[in-house]
Each structure stands twice: as structure tokens, then as C-alpha cells.
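So the structure is just underneath, and the comments pick up after that.
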Amino acid sequence: MPRAERRELAFGWKLAPKADGRFDLIDGQSIDADVYYDGEGTSASRPVALYFHGGNFVSGSKELLGKLHIQKLLEFGFVVVSANYRLCPTISLADGPVSDALDAYQWVRERLPTVLKEQTGVSLDVKKIVVFGHSCGATLALLTPPLAILDIFGMKYLQDPAFHTASENRGPPIDEAFVNQVFQQVPAPSTAAPPMTATGPDLKNPRIAWMFSALKKGALIESIVADSNYETVDPAFLFKRKFPPTYFIHGTADTLVPHKLSQEAHDELVVARRESHLVLVEGAPHGLDARMQEGDDTYRTIVKGLEFLKAHI
């Protein structure tokens with residue numbers, strides 16, 4: 001969808017920790033974002049850290065941003081924005097997640113400052129925006145033009161065989177008629193159950209079942225990239241151009257998104273003489289920070305990435 005024709009998305013906000021609100025679209029659909037800020041902070045204008053969640057572009061929501069991530073960014077003086085986006089597969093990757101992520105970035109720059117100032121008295125410095133994300137959320141972060149990016153086990157090089165190879169190790173067989181119920185979810189939702197629960201994936205949910213079925217077949221990415229137009233959705237095509245300073249964190253035991261992809265992205269950026277940092281966490285899986293505790297090794301690793309964002313505002 002061309003930028004000039006893309007409708008303006010409206011976002012709600014959560015005035016941390018409990019107050020909330022919503023902007024509604026003319027067509028009745030809205031997309032929400034949570035906005036966290038320190039009400040006791042300085043009166044000076046504050047930088048913004050924009051976050052996109054993971055979930056293979058199919059599942060999850062803004063609530064997946066961890067409290068420890070928010071807390072540390074607030075300590076660093078940021079206003080933190082966690083945004084939803086419309087989910088595949090009933091909308092393409094380009095028209096849903098990518099389009100909405102770019103609109104979220106634009107909304108933060110153009111509309112949030114006025115809304116937040118009027119509602120809370122908090123001022124934003126929209127020249128100081130950084131973006132971060134987990135997994136596919138990092139893909140979206142890499143497609144935006146901020147001062148700096150933190151990529152936490154992010155997906156890129158979407159044509160890599162890792163995303164197109166069938167695997168027998170990704171769950172039991174799932175009934176096709178059941179998983180196809182996901183295509184009844186029109187218009188595309190902008191929030192869904194998380195990809196994993198404490199006991200594993202909820203395969204009684206058609207959306208989650210479809211996602212794992214598609215992953216098992218190596219067909220998920222292919223099925224959501226319209227007309228095989230990878231150049232519009234894959235940040236790998238941008239690495240050889242002018243690119244923001246980027247910090248990659250990836251576990252070496254990640255079987256969903258191989259760490260070699262972060263290594264390759266880092267190497268490309270270094271060759272292009274762009275600022276890039278790569279931290280490989282030995283033996284860590286996908287979702288390496290999902291259960292981190294304040295003060296543990298994983299926490300310290302993530303904090304270094306957040307410190308990188310702070311250093312570039």
C-alpha cells in the first residue's frame with residue numbers, strides 16, 4: 001500500500017501504570033499503544049524508546065514488553081511506547097505489521113507529543129527516538145529510521161533457508177481444517193494470544209495452531225510475504241545503505257531464528273562502515289530474556305543493549 005494512500009492509524013495510550021485511553025478510526029478499527037513515563041521525572045523534554053513485540057507476525061501484543069525492560073528505560077529517562085500492529089495471515093506482512101510499524105513511528109513523532117503534553121504535562125524530544133524489538137518485532141525495528149536500534153534475536157534475511165525448511169521437530173500434526181479457521185478473523189486483529197504459555201503453545205487456539213503448523217512446514221514467511229516481494233519487508237536489503245547504529249543480542253542455541261543471521265547482519269554493517277555491535281549469548285535459546293531476573297547474567301546482557309540506546313540520544 002503506497003504511503004500516500006495508507007490510512008492514518010490511531011493509537012491508545014496507557015499512562016503508566018493504570019490509566020488508559022484510545023483513539024478510534026473512522027472505520028471503527030483502532031490500534032493501541034501503551035505509553036509509559038516517569039511522572040516524577042524532570043520537566044525537560046524526554047527521548048522515546050519505541051518497542052515492537054515478537055510472535056512471528058502472527059501472535060502476541062504490546063503486553064509482551066517485560067517490566068524489567070520498561071523499568072530500566074524509565075530509569076534512563078525515556079518515555080517508553082509499546083505498539084500493537086495488525087497480525088498476519090489475514091493481512092500481508094507489508095500491509096499489516098510493516099505498514100503499522102512505520103505508522104507507529106510517525107505517530108510517535110507527529111501526534112504523541114501533543115497528546116502526552118496535554119494529558120500529562122510530559123514533553124517529548126522527537127529528535128531523540130530509538131527503536132527496539134524481540135524476534136519479528138526486531139525486524140520491524142530494523143525497518144524504521146531512528147537514532148539507534150536494539151535487535152534482540154531478530155528475524156532478518158527472510159529468504160534464508162532457515163525460514164523455508166520443513167521441520168519434524170516443531171510440534172505434532174495439526175488438523176488443516178482447524179488451523180484454517182484463522183482465515184475467518186477478518187479484519188486482521190492487532191492483538192492475539194502470546195506464541196507460548198508457561199506450559200507451551202496453546203494448540204487449541206486456531207491462530208497459534210496455524211502458526212506452528214506453518215513453521216513446521218517451513219511455509220510461514222512465504223505465506224505472508226505478498227507476491228514474494230521481500231524487498232519491502234526484509235531489512236537485509238537496507239544493511240548496505242546508510243543505517244542507524246545497531247546492537248544485536250542473540251543466543252547461540254536459538255533454533256527458531258539462527259544466530260548466524262545476526263552475525264551476518266553485523267558483518268554487513270561493519271563492512272559498510274556502520275556502527276554495529278554483536279553479543280552472542282552462548283547456549284541461550286530463542287526468547288532468552290523471557291524469564292530473566294533482575295541482576296542475573298541475562299539481565300546484565302539486556303541492560304547493556306538498553307545502555308547502547310541511551311548512549312545514542
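Coordinate-derived values only; no laboratory data. What you are looking at is a predicted structure, and each value in this text was computed from that prediction instead of being measured. For neighbour counting, all protein chains shown are included, and Cβ atoms are generated from backbone atoms with ideal geometry for every residue, glycine included.
Quick notes
- Gyration tensor (Cα) of segment 259-308, equivalent ellipsoid semi-axes in angstrom: 24, 13, 7
- Whole-number percent relative contact order across the chain, with pairs defined as alpha carbons under 8 Å at least 6 apart: 18 percent
- When K216, K67 are sorted by how many other C-beta atoms sit within 10 angstrom of their C-beta, beginning with the fewest, the order is K67, K216.
- Descending semi-axes in whole angstrom, ellipsoid equivalent of segment 171-313, from the Cα gyration tensor: 31, 21, 14
- Amide hydrogen neighbours beyond the local backbone of L124, cut-off 5 Å, H modeled: R46
- Exposure proxy shown here: for R46, R111, the number of other Cβ atoms within 10 Å sets the order, fewest to most, as R111, R46.
- Amide H contacts for V281 (H built 1.01 Å from N in the peptide plane; partners 5 or more residues away or on another chain; cut-off under 5 Å): H250, G251, T252.
- Each stretch of four or more DSSP H residues adds -39500 (n - 2.57); spread over every residue of the chain, this sum gives -8000 deg cm²/dmol at 222 nm.
- Derived scalar couplings between HN and Hα for segment 240-254 equal 8, 9, 4, 9, x, x, 9, 10, 9, 10, 8, x, 6, 9, 6 Hz in order, rounded to whole Hz, by the Karplus curve 6.51 cos²θ - 1.76 cosθ + 1.60 (θ = phi - 60°), x for Gly and Pro.
- Across all directions, the average projected area of the convex hull around the alpha carbons of segment 57-213 is 10.8 nm².
- Overall dimensions of segment 151-245 as given by Cα atoms, namely Rg and Dmax in Å: 15.3, 46
- Two-decimal Rg/Rh across the chain, once Rg and the Kirkwood Rh are taken from alpha-carbon atoms: 0.94
- Here S61, S135 are placed in order of increasing Cβ neighbour count within 10 Å, fewest first, which gives S61, S135.
- Simple label model, 7 Å out from Cα along Cβ direction - A226 to V186, nm: 1.4 nm
- Net charge, S45 excluded, C-beta distance under 10 Å - Lys, Arg +1, Asp, Glu -1: +3
- Here's the picture: charge each Lys and Arg Cβ at +1 and each Asp and Glu Cβ at -1 in segment 3-311, and of P244, A44, H277 the one pushed furthest to the positive end of that dipole is A44.
- Proximity of backbone amide H atoms, modeled 1.01 Å from N, is registered between A192 and G60, S61 at under 5 Å, excluding neighbours fewer than 5 places apart on the same chain.
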